[in-house]
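S.K.: Could you have a look at this structure, given as structure tokens, before my questions?
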Amino acid sequence: MAAEQDPEGRAAARPLLTDLYQATMALGYWRAGRAQDQAEFELFFRQCPFGGAFALAAGLRDCVRFLRAFRLRDADVQFLASALPPDTDPAFFEHLRALDCSGVTVRALPEGSLAFPGVPLLQVSGPLLVVQLLETPLLCLVSYASLIATNAARLRLIAGPDKRLLEMGLRRAQGPDGGLTASTYSYLGGFDASSNVLAGQLRGVPVAGTLAHSFVTSFSGSEVPPDPMLAPAAGQGSQVNLAASVETWLERVCGHLGLGVQEPHRGERAAFVAYALAFPRAFQGLLDTYSVRRSGLPNFLAVALALQELGYQAVGVRLDSGDLLQQAREIRGVFRTAAAQFGVPWLQSVPITVSNNIDEEELARLAQKGSEVNVIGIGTSVVTCPRQPSLGCVYKLVSVGGQPRMKLTEDPEKQTLPGSKAAFRLLGSDDVLQLAEEPPPRAGQELRVWPRGARESRTVRPAHVEPLLRLCVQQGQLCKPLPSLAESRAFAQQSLHRLSPAHRRLEQPALYQVALSEKLQALVDRLSARGAL
């Protein structure tokens, strides 16, 4: 199979991103003559993350890219030969060299779908040896992506629809791959942009960023701009010495604020002027390097008002320390009085961005009614998922040669559901799993189902029936182009909107019910009684 010829292909996982026991099992299958047996695995999770009642399915694009690029290179095979017993038949390694995913079929929840425990995110079928080798890479690609997307969706629900959310956690992420995954799937989950430039280049994630405190502190105030002249925004008229104009405006601003003209930090002001000369149409001030009220705010206003005279409009300010909610209120008050004092109406609505280890609790505080915060940057809390660092996805064999397989265990929660299955969402009721051979449920028709973990069945009459699993790869070929990341993001938000408030609630939500068809429940009971085949 040919790899996709697109920039994202550089982010594809490699076949040896796997656990050694996948290779030892592959040798076992091959030695037993079972490498070509048709098998099916399901990838799913057992519990919703973060104490919530839902997850978002993510990572499908990465999985498809991985499958299409899957091929063991000579160096890969040579390494496996060094890791396996020295007397391994060389014919096995020749078999590995010829492997690809041309016999693999994948059904999946569309990216951005609501997902619930036990419902497959992926169904992977094909030759037993190959689909066994895919286990660890597919788990790696789906589990973290889905966890990040779900975490981002929770943060979006807390923030509400109007606050702009920026992901800025690359420096806190679990390595480069983790950083790229987090930036990609936090966007899918509802964030508006990322600081991660590579996510913009490879994945099309909108990128955003301005300046750090190091830029501000690098200026002492003694620097002379090599070219302090700035032309009007309209392109007509004489250039103006921006640095000199800022000094003139500073006197007026300090008089308005009741400050001495020497109080605002000269180096900070020089940094703001330098940044404004570089980005006159996108000037943003970082206010808390020294003192927000006595330095950052007056310096920002002086530069913003000097730019205003030339027809430019500052795009915002940022705070990165202290009581962000209270400071935002105070800054907004200053902006309103300054807008009136200097006759600049847009100044009162300058966006205020905040950042600084913002978690769910602080986000709820910043998003409360009456908050003057417009943009919220979140890093550690979105990329590391501190409330739950793993989704705990599993990849389990459900059939071989068309015969159901079931794992029985001392822990009932770890028992698997046998057989090739279909999944449906019943509007006003449950998600239902049934055997693939069964006719699909019909809207308005009574259906007897067994809620998982319940002792008795119940009868439902769905108003609408939605098939959940879509055929996306058939015999190694992509069935149709996958949605773009932006389209999957929009679908995720639509999916969340359709979820009932009781299930969407982040604390003590109502549990979403997943049920089995009567025939699937009977198969489970039969295999449980006599042991797995």
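The values are calculated or read from the model by the stated rules, or taken from the named source; none is laboratory data. Remember, it's a predicted structure, so these values are computed and weren't measured experimentally. Backbone-built Cβ (ideal geometry, glycine too); neighbour counts: all protein chains shown. Areas reflect the complete protein model, heavy atoms only, side chains present, ligands, DNA and RNA absent. Shrake-Rupley method; radii C 1.70, N 1.55, O 1.52, S 1.80 Å.
S.K.: Going through region 225-297, which trypsin sites (Lys or Arg not before Pro) have at most 16 other Cβ atoms within 10 Å and a DSSP loop state?
M.R.: Working: sites: ARG252, ARG266, ARG269, ARG281, ARG293, ARG294; in loops: ARG281.
Those that pass, being in a loop and sparsely packed, are ARG281.
S.K.: Using the heavy atoms of the protein chains and a 1.4 angstrom probe, tell me the accessible area per residue for region 81-141 in square angstrom. Can you show the working numbers first?
M.R.: Working: 1730 Å² over 61 residues.
Value returned for region 81-141: 28 Å² of accessible area per residue.
S.K.: Related question: Any idea of TRP30's accessible area? Nearest 10 Å², probe 1.4 Å.
M.R.: Accessible area, nearest 10 Å²: 60 Å².
S.K.: Which residues in region 245-268 have a backbone N closer than 18 Å to a point placed 7 Å from the Cα of GLU330 along the Cα-to-Cβ line?
M.R.: Under 18 Å, as judged by backbone N against the label point of GLU330, lie 254-260, 263-265 of region 245-268.
S.K.: For the chain, which whole percent of the accessible surface, found with a 1.4 angstrom probe, sits on carbon and sulfur atoms?
M.R.: On the way: 12060 of 23660 Å².
After summing per-atom areas, the C and S share lands at 51 percent.
S.K.: Here is a further query. Where only protein heavy atoms count, and the probe is 1.4 Å, what is the accessible area per residue for region 209-329 in Å²?
M.R.: Spelled out: the 1.4 Å probe surface of region 209-329, per residue, equals 44 Å².
S.K.: For LEU516, what residues show an amide H to amide H distance below 5 Å, using hydrogens built from the backbone and excluding near sequence neighbours?
M.R.: Amide H neighbours of LEU516, under 5 Å, 5+ apart: LEU433, TRP450, ARG452.
S.K.: Which cross-chain or sequence-distant (5 or more) residues have an amide H under 5 Å from the amide H of ALA55, H modelled 1.01 Å from N in plane?
M.R.: Hits under the 5 Å cutoff: ALA115.
S.K.: OK, next. Run through region 318-412 and list the GluC sites (Glu not before Pro) located in a DSSP loop whose Cβ has at most 15 other Cβ atoms within 10 Å.
M.R.: GLU410
S.K.: Could you sort GLU438, GLU309, GLU167 by their accessible area in this structure, using a 1.4 Å probe and putting the largest first? Please list the in-between numbers first.
M.R.: Working: GLU438 35, GLU309 120, GLU167 0 Å².
The ranking, largest first, comes out as GLU309, GLU438, GLU167.
S.K.: For region 432-496, with every protein chain kept in place, what is the accessible area per residue (1.4 Å probe, Å²)?
M.R.: 61 Å²
S.K.: Which value, in Å² and to the nearest 10, is the accessible area of ARG504 when all protein chains are kept and the probe is 1.4 Å?
M.R.: ARG504 has an accessible surface of roughly 60 Å² with all protein chains in place.
S.K.: Bin width 20 Å, alpha-carbon pairs only: give the P(r) of the chain as whole percents, running from 0 to the bin holding the largest distance.
M.R.: So the P(r) values, bin by bin, are 20, 42, 25, 12, 1.
S.K.: Taking amide H positions as placed 1.01 Å from N in the peptide plane, with prolines and chain starts having none, which residues 5 or more places from ARG318, or on another chain, fall under 5 Å of its amide H?
M.R.: Those lying under 5 Å, H to H, from ARG318 are GLY285, LEU286, LEU287, THR353.
S.K.: Note down the accessible area of ASP177, probe 1.4 Å, to the nearest 10 Å².
M.R.: That residue has around 120 Å² of solvent-accessible surface.
S.K.: While we're here: Taking θ as phi - 60°, what are the ³J(HN,Hα) couplings along region 78-84 by the Karplus curve (6.51, -1.76, 1.60), each to the nearest whole Hz, with x for Gly and Pro?
M.R.: Each residue's phi maps through the Karplus curve to give 4, 5, 4, 4, 6, 8, 8 Hz.
S.K.: Further question: Does region 477-533 come out rounded, prolate or oblate by the C-alpha gyration tensor, with a ≥ b ≥ c the root eigenvalues, rounded set by a/c under 1.5 and, if not, prolate when a/b is larger than b/c and oblate if not? The partial results should precede the final answer.
M.R.: Working: a/c = 3.82, a/b = 1.46, b/c = 2.61.
Oblate is the answer for region 477-533, as a/c is 1.5 or above yet b/c matches or exceeds a/b.
S.K.: Still on this model: Pull out the extension gain between GLN403 and SER214, defined as 0.36 nm times the separation in residues minus the alpha carbon to alpha carbon distance; nm, one decimal. Kindly include the intermediate steps, with their values, before the conclusion.
M.R.: Numbers: separation 189, 0.36 × 189 = 68.04 nm, distance 6.35 nm.
Computed gain between GLN403 and SER214 is 61.7 nm.
S.K.: Rank by packing, highest mean first: peptides 215-223, 382-390, with packing defined as the count of other Cβ atoms within 10 Å averaged across residues. Mind showing how you got there, number by number?
M.R.: Values: 215-223: 14.7, 382-390: 17.9.
Top to bottom by mean Cβ count within 10 Å: 382-390, 215-223.
S.K.: If you don't mind, another one. With angles folded into 0 to 90 degrees, how steeply does helix 20-31 sit against the dominant principal axis of the chain? Use alpha carbons for both and round to 10.
M.R.: Helix 20-31 sits at roughly 30 degrees to that axis.
S.K.: Where a ≥ b ≥ c are the square roots of the eigenvalues of the C-alpha gyration tensor, would you call region 407-480 rounded, which needs a/c under 1.5, or, failing that, prolate if a/b is larger than b/c, or oblate? Could the numbers behind the result be given before it?
M.R.: Numbers: a/c = 2.52, a/b = 1.10, b/c = 2.28.
Oblate.
S.K.: I've got another one for you. Specify whether the C-alpha gyration tensor of region 158-235 places it in the rounded, prolate or oblate class, a ≥ b ≥ c being the square roots of the eigenvalues: rounded for a/c under 1.5, otherwise prolate if a/b is larger than b/c and oblate if not.
M.R.: Verdict is prolate for region 158-235.
S.K.: Quick one: if the Förster radius is 56 Å, what FRET efficiency do ALA75 and LYS519 give, using the C-beta to C-beta distance and rounding to 0.05?
M.R.: E between ALA75 and LYS519, to the nearest 0.05, is 0.70.
S.K.: Express the relative contact order of region 53-154 as a whole percentage, based on alpha carbon pairs under 8 Å and six or more residues apart in sequence.
M.R.: RCO, region 53-154: 46 percent.
S.K.: Given a Förster distance of 60 Å, report the FRET efficiency between THR24 and ALA244 from their Cβ-Cβ distance, rounded to the nearest 0.05.
M.R.: Once the sixth-power term is evaluated, E becomes 0.20.
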